[in-house]
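Report on the following structure.
Each reported figure results from applying straightforward, stated rules to the coordinates on display, with no laboratory input. In this text, all values refer to a predicted model and were calculated from it rather than measured experimentally. Here the Cβ is made from the backbone with ideal geometry for all residues, glycine too, and neighbour counts use every protein chain on show.
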Amino acid sequence: MKKIAKILIAIIVMSLLLTGCGGNASKTVKIAYIGPITGPNAAIGIGMKNSAQLAIDQANKSGKLPYKLELVVLDDVSDPAQAVNAVNKAASDPDIVAAVAHFNSGCALATVHTFNKYQLPAVIIGAIHDQITENGYPEITRVISAASIQNKVAGDVAVKEFGVKRISVIHDQTDYGKTNADQFIAQAKANGAEILSYDGISVGQQDFSAVLTAIKSKNPEMVFFGGLATEAALIKRQMKELNINALFMSDSGILSTTFNEIAADAAEGAIAHGIGKPIEDLPGGQAYIEAYKNAGFKEPYEAYGPFAYDATNIVIDALSRVEKPDRASLTKAIRETKNFPGILGETSFDEKGQTTLDLITTYISENGEWVPYYKSKIKVVDKQIKK
C-alpha cells in the first residue's frame, strides 16, 4: 500500500509540474470592447466591435502569444451612465487586462476616471473631445485625433475654400456636439465669417421644423451641425423639405451609412470632416477590407472600424512586449508605443496619451456614399453644390 501511495503522489506531483509548465498554453487573456451595441449609434459600434474581434481572431490564429485572447463585449449604449457601468464590470473581471473603448465623447469623458481608478488601460477608439486625454492618466491613450484638429480644418474649408461668410450653427447639446460646434465657430469667425444663429436640439428629437424655419429667415450660406448621424440626417432631410438652399456641413460623427440611409436623396452634397483617410488609401487598408469580408461579418465596418482594429492591435502588440500580461505592465507598454505600423499609419502617443498621427479628410455625400472631396464629381461652386 505504501508503494502504491508513493506512486500516486509521484503522479500527482508530475501532473502539477506539467500543468505549471504548460499553464500559459491554456490561459485565456481577455480584452474588453466597450462601445454602442444598441442605441442610436449601434451600427457604428458593431462595426467597431467586429473590427476588434477581427484583430483578436488574427492574433489567436497567428499563435504569436503564448495564450488565447478573448474579446469581452460590453454595451455602453452611447450613454455615459451605462458606459461607467460597463467599465466597472470590466474592471471587476481580473482576467480583463485592457480595453478598447468608446465612440461617444460623453462616454469617454465619464469613464476616464474609472479606468484610472481601477488601473485598467484603455485605448480610446473614436471619441474626439479634447479633454479626454487632458488629465494625462497613464491608463488612457487614444488612436484618433482630437476634435480641435478636425474643426480647425472645417472652419478653414468653409470660409477659405468655399467662401462662406454667413453661417447658422446647430448642436445636439452633448459635450461632443457642442464642442465641435464651438470649435468650428471659433475658427470660422477667425476667418471672417458671421454666425447668424446658434441653436441646441435634443438627441432623439425628430422634428426640427421650428429651428429650421427660423434659420431659413436668416438666409444662411451654410448650416453647420455638431452632433451625430441620426439627427444630422433628419436635419438635412428637413432642410430639403423646407427649401433651405444652404450648404450643410458637420463633423466626423455623421460619417456613417446611417446618415445616407436616413437622409436618402437629401444626403447628396452633405459635407463632413473625417479623421484619417479613406481606408482604401491607407497602408494595409485593402488587406483589412479583404480580411473583414472573409471573416463573414454581416454588418459593415463603418468609418470607425479601422480605428478599433488599430486600437486592438496596439493592445496585442503591447502584450507581446510584456513579461506578464497584467494591467500595470500593459499600461506602461501601451503608452510607450512608438511608430506602430497600423492601417491608419504609424501611431505613437505623446506624454498625455494622445496620438501624434493627425490627418483630416473632407468628405461629401455622393450617390448615397461618403466620398473624399478630392475624388468627388460634386463640387462647391459659388457657395452652391454643383455636379
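Would you kindly state how much longer the chain becomes between Lys383 and Asp358 on full extension, computed as 0.36 nm times their sequence separation minus their alpha carbon distance, in nm to one decimal? Don't skip to the end; give the middle numbers.
Details: separation 25, 0.36 × 25 = 9.00 nm, distance 2.78 nm.
Extending this stretch completely gives an extra 6.2 nm.
DSSP beta bridges confined to the chain are antiparallel in about 30 percent of cases. Strictly greater than 12 Å: what percent of every Cα pair in region 55-94 meets that? When all Cα pairs of region 55-94 are counted, 64 percent exceed 12 Å. Of the residues Ser78, Ser329, Val381, the one whose Cα sits farthest toward the positive end of the charge dipole of the chain, with +1 on the Cβ of Lys and Arg and -1 on the Cβ of Asp and Glu, is Ser329.
Using unit Cβ charges (K, R positive; D, E negative) and no other charged atoms, how large, in debye to the nearest 20, is the dipole of region 171-306 about its Cα centre?
Details: 10 positive and 18 negative charges, 34 e Å.
The calculated dipole for region 171-306 is roughly 160 debye.
Quote the FRET efficiency, to the nearest 0.05, computed for Val73 versus Glu290 with a Förster distance R0 of 22 Å and r equal to the Cβ-Cβ distance. List each step's numbers first, then the result.
Values: r = 24 Å, r/R0 = 1.08.
FRET efficiency, Val73 to Glu290: 0.40.
Charge dipole of the chain (Cα centre as origin; +1 on each Lys and Arg Cβ, -1 on each Asp and Glu Cβ, all else neutral): 1020 debye, rounded to the nearest 20.
Using the Cα atoms of region 132-215 to build a convex hull, what is its mean projected area in square nanometres? Intermediate results must be reported in sequence, preceding the final value.
Numbers: hull surface 27.9 nm².
Average projection, Cα convex hull of region 132-215: 7.0 nm².
Temperature 4 °C, viscosity 1.567 mPa s: under these conditions the Stokes-Einstein estimate for the chain, based on its Kirkwood radius over C-alpha pairs, is 59 µm² per second.
Relative contact order, whole percent, for the chain stands at 18, derived from Cα pairs under 8 Å and 6 or more residues apart.
Would you mind giving the three semi-axes, in whole Å and largest first, of the ellipsoid equivalent to region 214-259 according to its Cα gyration tensor?
Values: eigenvalues 75, 24, 11 Å².
After diagonalising the Cα gyration tensor, the semi-axes are 19, 11, 8 Å.
Per-residue ellipticity at 222 nm, computed for the chain from helices alone with -39500 (n - 2.57) per DSSP H run of at least four residues, works out to -13000 deg cm²/dmol. Rg/Rh for region 255-387 stands at 1.07; both radii use Cα atoms, and Rh follows the Kirkwood definition.
Over the Cα atoms of region 262-329, what is the Rg over Rh ratio if Rh follows Kirkwood?
On the way: Rg = 16.7 Å, Rh = 14.9 Å.
Result: Rg/Rh = 1.12.
Remark: relative contact order (region 55-121) = 30 percent; criterion is Cα-Cα distance under 8 angstrom and separation of 6 or more residues. Once the Cα-Cα distance is subtracted from the 0.36 nm per residue extended length, the Asn367 to Lys189 segment shows a gain of 60.9 nm.
In µm²/s, what is D for region 173-283 at 10 °C and 1.306 mPa s, where D = kT/(6 pi eta Rh) by Stokes-Einstein and Rh is the Kirkwood radius from Cα pairs?
Working: Rh = 14.5 Å.
My calculation gives 109 µm²/s for D.
Think of the chain as having a plus end and a minus end, set by charges on the Cβ of Lys, Arg, Asp and Glu; of Leu69, Thr230, Ile167, Leu69 sits farthest toward the positive end of this dipole.
Charge dipole (Cα centre; +1 on Lys/Arg Cβ, -1 on Asp/Glu Cβ; no other charges) of region 221-364 amounts to roughly 380 debye.
For region 308-370, the residue among Ile343, Leu357, Asn313 whose Cα projects farthest onto the positive side of the dipole built from Cβ charges is Asn313.
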